[in-house]
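Working notes, structure below.
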Amino acid sequence: MTEPTSDLLRFATVGSVDDGKSTLIGRLLVDTRQLFDDQLEAVATASAKRGVGDLDLSFVTDGLRAERDQGITIDVAYRYAATPTRKFVIADCPGHVQYTRNMATGASTADVALVVLDASKGLKEQTRRHLCIAALLGVRHVIVAANKMDVAKWDEAVYLAVVDQVNEVSARLGFTSSVVIPVSALAGDNVVEPGFMANWYQGPTVLQALEAAPAGSWASSSSGARLPIQWVLRQHGGGRTYAGMVNGGEFTVGQEVHLMPQGVKTVLKAINGPRGGLEVALPGLSVDFDLTDETDAGRSDMLATAPLPTATSEFEATICWFSDKSLTNGARLRLKHTTRSTPVRVTGIAGTLDVGTLEVGPANEVVLNDIGLVHLATAEPIVVDDYRDNRVTGSFILIDEVTNATVAAGMIGHANFL
Amino acid sequence: MTTSTHPQIDHLDLLESHAIFIIREVVAECERPVLLFSGGKDSAVLLHLAVKAFAPQKLPFPVMHVDTGHNFPEVLAYRDERVATLGLRLEVASVQEAIDQGRVPDPGPLGMRNQLQTRALLDGIEKHKFDAAFGGARRDEDKARAKERVLSFRGVFGGWDPKIQRPELWQLYQGKVNAGENLRAFPLSDWTELDVWNYIRRENVPLPSIYFAHERPVLKRDNMWLAVGEFIHPQHGEVVERHLVRFRTVGDASCTGAVRSGADTLDAIIAEISVTNVSERGATRADDRFSETAMEDRKREGYF
């Protein structure tokens with residue numbers, strides 16, 4: 001396990017449309033004073049223009065004209081914030097089912113999901129879908145803001161009903177921690193400042209929960225070290241080095257490394273980092289490697305240490321499907337995995353997930369926003385780890401060969417709950 | 001080269017490495033990339049990273065300056081110095097040329113030219129058949145930029161459609177385009193203004209002198225200090241004053257404002273922006289003040 005930056009937490013907002021995700025992020029940013037005066041003023045002006053009160057907090061991240069006119073989030077907004085305790089990268093995701101692909105984009109790099117739901121309405125189907133996707137993407141920690149508690153008259157029974165629902169789903173999806181916080185994003189209770197309306201609640205505010213959440217879990221891995229080769233650099237004097245970004249674990253000079261899928265062993269002679277030579281290359285660093293032996297290594301090959309990845313051209317995967325056109329057995333697409341792109345064919349559809357019951361049922365096709373279990377065959381072998389062991393070497397995207405649109409997010413293997 | 005025995009890496013190391021990763025990925029996937037180089041601090045950092053990504057080889061693609069014709073002389077000198085020192089191939093996409101050839105209307109000697117940059121940029125991309133253009137844009141700059149992907153797909157008209165952005169998951173940057181389409185690639189997407197300055201200090205990235213405090217004649221227009229010179233003259237009773245100023249961003253000389261500041265070192269600049277109450281674009285860009293969605297509207301037309 002490596003946790004390169006415990007001072008930086010990446011989190012994504014998750015949940016159904018209109019439950020208050022953007023308003024909560026707006027409240028969080030305003031109350032922690034992350035906004036410049038001119039930005040705050042611009043939000044006030046835009047609010048007045050649309051007759052939505054003095055300060056529509058959702059406008060802090062809903063920056064597109066259509067978003068403000070329609071009062072919804074269409075695509076992810078990335079915001080950067082810092083408190084005295086740590087730095088945050090915030091992905092404020094859309095809740096609307098039509099924009100599930102954008103939610104997946106925002107959640108794919110998150111350490112933590114901040115789930116926002118309307119407390120009186122509980123876990124809607126779309127919230128459950130988002131929770132499933134977050135769980136599949138490898139999010140292990142959820143912070144749940146039971147929002148609009150002011151509308152629910154701060155009724156503890158409403159809060160406890162949410163806690164029950166969350167606990168049930170959380171156990172099923174395998175989240176290792178979940179905390180439910182009664183919140184009014186609109187009024188600011190329990191977001192940054194404690195709320196005095198809920199004297200029955202003794203837990204953390206949203207900010208306290210975010211500051212305490214485990215950071216860096218995105219990059220954590222139980223695989224060996226991996227370097228997918230991006231580029232071959234010609235050195236002065238005729239040598240070659242192999243450039244890429246390290247993931248999974250660390251490489252050390254003098255160590256035996258495997259070139260895959262060739263299956264050739266060699267020794268790591270030298271490591272160059274962005275600031276010069278290194279003895280050790282940690283995950284997240286862009287480096288280039290000098291190897292002891294001559295090899296035919298090139299872009300899309302991988303250097304790896306034990307436990308080794310698998311070179312395969314047939315595998316099982318979990319996919320989130322983003323295209324209006326359904327996926328059927330036999331379909332041909334392009335697959336991008338680490339630095340390799342190769343044609344791929346669907347050789348079987350094992351089933352799709354019912355997000356209501358969390359059961360996988362048989363299916364002939366995978367339709368828009370479905371989570372499907374599929375078997376794939378690639379033209380060239382790819383070098384993979386199970387997604388649960390390594391999020392970089394376990395992930396891929398599927399691409400339409402004609403339009404070049406990204407039509408699916410894929411993960412090698414399947415989660416325990418599937 | 002020195003060998004570090006301390007494997008600890010910090011936030012700036014990770015931003016740097018991620019940017020280098022993106023640059024290498026785009027160059028590997030695209031046929032004819034180009035780096036948009038304005039001479040501003042963000043493009044200076046971008047160029048620095050691109051050079052690192054391919055060292056010791058020379059940069060395997062050219063740089064392009066979208067030249068509004070309203071330049072600060074210090075910035076042009078800086079551009080030419082960088083090109084010569086690093087042995088770069090420079091293309092210039094000229095707004096003046098577009099005006100002279102009648103491709104865009106002439107806004108007059110005092111008109112702002114930021115809007116016209118878009119046309120010069122698109123013409124430059126088309127002329128050289130570039131399929132990917134690196135830019136130094138950051139998501140913390142503007143609420144529309146906060147929504148844009150690292151690889152921003154642009155159709156044959158070069159415009160951004162925020163409703164149909166490609167999903168961009170994990171670290172899988174997908175750069176395939178069909179003929180006539182192109183990408184804008186923003187390796188500094190996750191950097192903040194402060195990250196950029198801290199990186200400039202750490203790496204000694206050279207910058208144009210106007211980023212540092214200096215005394216010059218300025219006048220106040222629309223609540224902003226503009227540098228009096230070839231493109232800005234006093235009108236209707238505007239008063240020319242001499243002040244100690246510096247520029248927080250570098251753009252078209254007719255619409256980029258200066259800030260009153262005595263910060264003449266990187267340490268002083270970093271101290272100053274650490275406590276500022278005003279955003280970078282709010283302080284210095286006249287062109288963003290006209291409408292709520294100025295940046296989004298320009299991007300839809302094909303802007304950076």
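Among the residues of the stretch A:216-257, the ones that are buried (at least 23 other Cβ atoms within 10 Å of the Cβ) and among the charged types (D, E, K, R) come to 1 in all.
Here's the yes/no breakdown for (1) at negative phi; (2) of a type outside the set (Gly, Ala, Ser); (3) modelled with pLDDT of 95 or more:
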{"residue": "A:ASP296", "(1), (2), (3)": "yes, yes, no"}
{"residue": "A:ASP301", "(1), (2), (3)": "yes, yes, yes"}
{"residue": "A:THR328", "(1), (2), (3)": "yes, yes, yes"}
{"residue": "A:LEU358", "(1), (2), (3)": "no, yes, no"}
{"residue": "A:ASN369", "(1), (2), (3)": "no, yes, no"}
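Filtering the stretch A:277-296 to residues that are part of a loop (DSSP other than H, G, I, E, B) and of a type in the set (Gly, Ala, Ser) leaves only A:GLY284. The residue list B:PHE134, B:PHE153, B:PHE157 contains one member that is crowded, with 20+ Cβ neighbours inside 10 Å and either over 25 Å from B:PHE21 (Cα atoms) or without any contact (Cβ under 8 Å) to a residue 60 or more places away in the chain (or both), which is B:PHE153.
Residues of the stretch A:219-268 that are among the polar types (S, T, N, Q), closer than 13 Å to A:ASP296 by Cα and either at the interface with chain B (Cβ under 10 Å from one of its Cβ atoms) or within 25 Å of the chain's Cα centre (by Cα) (or both): A:THR241 alone. Inspection of the stretch B:231-240 identifies at least one residue that is under 12 Å from B:PHE72 (Cβ atoms) and either surrounded by 15 or more Cβ atoms within 10 Å (Cβ to Cβ) or modelled with pLDDT under 85 (or both). Exactly one residue among A:ALA107, A:ALA145 is open to solvent by less than 20 Å² (accessible area, probe 1.4 Å), farther than 19 Å from B:LEU151 by Cα and in the same structural domain as A:GLY203 (by TED's automatic domain parsing), and that residue is A:ALA145. Contact annotation: residue pairs with Cβ atoms under 6 Å, 6 or more positions apart or on different chains, pairing a residue in the stretch A:23-46 that is more than 14 Å from chain B (Cβ to nearest Cβ) with a partner that is small (Gly, Ala, Ser) and surrounded by 21 or more Cβ atoms within 10 Å (Cβ to Cβ), are A:THR23/A:SER58; A:THR23/A:ALA185; A:LEU24/A:ALA145; A:LEU24/A:ALA185; A:ARG27/A:ALA185. Only residues that are outside any strand (DSSP E or B) and more than 21 Å from A:GLY248 (Cα to Cα) were counted in the stretch A:297-325, giving 4. Considering the stretch A:326-418, the qualifying strands (runs of 3 or more DSSP E), each wholly inside and each with 2 or more residues that are touching a Cys at 6+ places or on another chain (Cβ under 7 Å), run over A:406-412.
In the stretch A:50-69, the residue that is least open to solvent (accessible area, probe 1.4 Å) out of those that are more than 23 Å from the chain's Cα centre (by Cα) and more than 11 Å from chain B (Cβ to nearest Cβ) is A:LEU57.
Total residues in the stretch B:41-60 satisfying the condition of being under 20 Å from B:ILE125 (Cα atoms) and surrounded by 22 or more Cβ atoms within 10 Å (Cβ to Cβ): the figure is 4.
Pairs meeting the criteria (first residue in the stretch B:1-27 and more than 7 Å from chain A (Cβ to nearest Cβ) and at pLDDT 80 or above, second residue open to solvent by 30 Å² or more (accessible area, probe 1.4 Å) and part of a helix (DSSP H, G or I), beta carbons under 8 Å, at least 6 apart or on different chains) are B:LEU12/B:ASN198; B:LEU12/B:ARG202.
Here is a check on your reading of the model: is B:THR284 outside the structural domain of B:HIS18 (by TED's automatic domain parsing), surrounded by fewer than 20 Cβ atoms within 10 Å (Cβ to Cβ) and either out of contact with any Pro (no Cβ under 6 Å at 6 or more places or on another chain) or at positive phi (or both)? Considered against the rule, which asks whether it is outside the structural domain of B:HIS18 (by TED's automatic domain parsing), surrounded by fewer than 20 Cβ atoms within 10 Å (Cβ to Cβ) and either out of contact with any Pro (no Cβ under 6 Å at 6 or more places or on another chain) or at positive phi (or both), B:THR284 comes out as no.
Which one of these does B:LEU183 not meet: (1) assigned to a loop (DSSP other than H, G, I, E, B); (2) open to solvent by less than 30 Å² (accessible area, probe 1.4 Å); (3) farther than 18 Å from A:TYR80 by Cβ; (4) more than 8 Å from every other protein chain (Cβ to nearest Cβ)? In the conditions (1) assigned to a loop (DSSP other than H, G, I, E, B); (2) open to solvent by less than 30 Å² (accessible area, probe 1.4 Å); (3) farther than 18 Å from A:TYR80 by Cβ; (4) more than 8 Å from every other protein chain (Cβ to nearest Cβ), B:LEU183 misses (1) alone. Of the residues making up the stretch A:79-104, those that are closer than 20 Å to A:LEU28 by Cβ and open to solvent by 20 Å² or more (accessible area, probe 1.4 Å) are A:ARG79, A:TYR80, A:ALA82, A:THR83, A:PRO84, A:THR85, A:ARG86, A:LYS87.
The values are calculated or read from the model by the stated rules, or taken from the named source; none is laboratory data. Nothing here was measured: the structure is a model prediction, and the numbers come from that model. Note that each Cβ is placed from the backbone with ideal geometry, even for glycine, and that neighbours are counted across all protein chains shown. The area values use the complete protein model at the heavy-atom level, side chains included, leaving out ligands, DNA and RNA. Shrake-Rupley method; radii C 1.70, N 1.55, O 1.52, S 1.80 Å.
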